[in-house]
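Colleague: Sharing a structure with you now.
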Amino acid sequence: MISLTIAGSDSGGGAGIQADIKTFQELGVFGTTVITALTDQNTKGVHGVFKVTPQFVQQQLSSVLEDFSIKSIKTGMLYSAEIIEAAAAVLREQKIPLVLDPVMIAKGGEKLLQNSAVEALIEQLLPLTTICTPNIPEAEVLTGMSIKDSKDMERAARSILQMGSDWVVIKGGHTGEKDAVDRVYGHDAAFTMTTPRKKTDHTHGTGCTFSAAITANIAKGYTIPEAIIEAKKFVHLAISYPLFIGSGKGPTNHFAFNQQKGVCEVVVNEA
């Protein structure tokens, strides 16, 4: 079982390529990578970005796909329209499930996707996407909608489905709800996933980890709903037992799931 992540490198190890590889490993999937950017960051924030050329992104992608039997792919930080177009040109020729994590802004507020790249993301990648996993601010950018409640989340998800994605998971981490409620929509199905909300500042890399867990679960043969629900369990435990490292907002604990730190029950209801 082999998965591929196309994303940026986090020198602090909590998010990006590093989070993806750790998640793949913990879930028993071999990880391959295409690096789109190098970031200078730690738990205090992102201090610099060095963009990889679109040509070299495409070269990495072609090398991986021609040699490995890739079962699933995810994208994270893509940074520029040119990188998106280069990746899409190769991915368009594949029939491999694609998880699109539309990474736009770091926890500290630094931009990880140029404004000019949003249109390319919508036009070039969303039509190729199996599952799109935006948080609320990302869903607002993709749709141009203001999201204030669950009805707004559904409208935004339906809009993203119309853009080409087969499934959409709008994550509820930015709501004021007592519980952490993610809303999942397909063309013929919809459900919510609920876990208790954990109050912690150590949430660096949660979005990357969630989308990577979905990607790994698809490689393992799970159905799309199963892959999403099991990924919710993985990331909930990672948040529940954070690693207290660094002096800023620390990373989630990718080891918690296999260390059996606790049992996570995800309440699933039809939406």
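Colleague: Computed over the Cα atoms, what is the radius of gyration of region 1-131 divided by 2.2 N^0.38 Å, N being its residue count?
Modeller: 0.98
Colleague: Got a sec to turn the phi values of region 84-96 into Karplus ³J(HN,Hα) couplings, 6.51 cos²θ - 1.76 cosθ + 1.60 with θ = phi - 60°, whole Hz, x for Gly and Pro?
Modeller: 4, 5, 5, 5, 4, 4, 7, 5, 4, 8, 9, 10, 10
Colleague: Taking only the alpha-carbon positions of the chain and ignoring solvent, what does the Debye formula give for the base-10 log of I(q)/I(0) at q = 0.07, 0.17 Å⁻¹?
Modeller: -0.21, -1.46
Colleague: Work out the FRET efficiency for V263 and S159 from their Cβ-Cβ distance, taking R0 = 41 Å, and round it to the nearest 0.05.
Modeller: Efficiency at R0 = 41 Å is approximately 0.70.
Colleague: Let me ask you something else. Hey, any idea what the orientation-averaged projected area of the convex hull of region 54-93's Cα atoms comes to, in nm²?
Modeller: Seen from a random direction, the Cα hull of region 54-93 projects 2.8 nm² on average.
Colleague: Next question, about the same structure. For the chain, modelled as a Gaussian network with Cα springs under 10 Å, which listed residue fluctuates most, Q58, Q124, Q162?
Modeller: Checking each option, the largest mean-square fluctuation is seen for Q162.
Colleague: For the chain, set up a Gaussian network in which alpha carbons nearer than 10 Å are linked by springs, and say which option among G250, G221, G16 fluctuates the most.
Modeller: Most flexible of the set in this elastic network: G221.
Colleague: Another question, if that's okay. Considering only the other residues whose Cβ falls under 14 Å of the Cβ of A120, what net charge follows from Lys and Arg at +1 and Asp and Glu at -1?
Modeller: -3
Colleague: Between E123 and S63, 0.36 nm times their residue separation minus their Cα-Cα distance comes to what?
Modeller: Values: separation 60, 0.36 × 60 = 21.60 nm, distance 2.48 nm.
Length gained between E123 and S63: 19.1 nm.
Colleague: Then there's this: Return the long-range amide H neighbours of K74 (sequence gap of 5 or more, or a different chain), with a cut-off of under 5 Å between placed amide H atoms.
Modeller: L4, T5, I6, V99
Colleague: Straight-line reach from K232: which lysines have Cα under 22 Å away, leaving out those fewer than 8 places along the same chain?
Modeller: Correct list for K232: K22, K71, K74, K107, K151, K171, K178, K198, K199, K220, K249, K261.
Colleague: Specify the residue with the greatest mean-square fluctuation among I131, I96, I214, computed from a Gaussian network of the chain linking alpha-carbon atoms under 10 Å apart.
Modeller: Most flexible of the set in this elastic network: I96.
Colleague: Here is a further query. With both bridge residues required to lie in the chain, what share of the DSSP beta bridges run antiparallel, to the nearest 5%?
Modeller: Bridges in the chain that DSSP calls antiparallel: roughly 50 percent.
All of the numbers you see were taken from the coordinates with simple rules; none came from a lab. No experiment lies behind these values; they were computed from the predicted model shown. Note: ideal-geometry Cβ built from the backbone for every residue, glycine included; neighbour counts use all protein chains shown.
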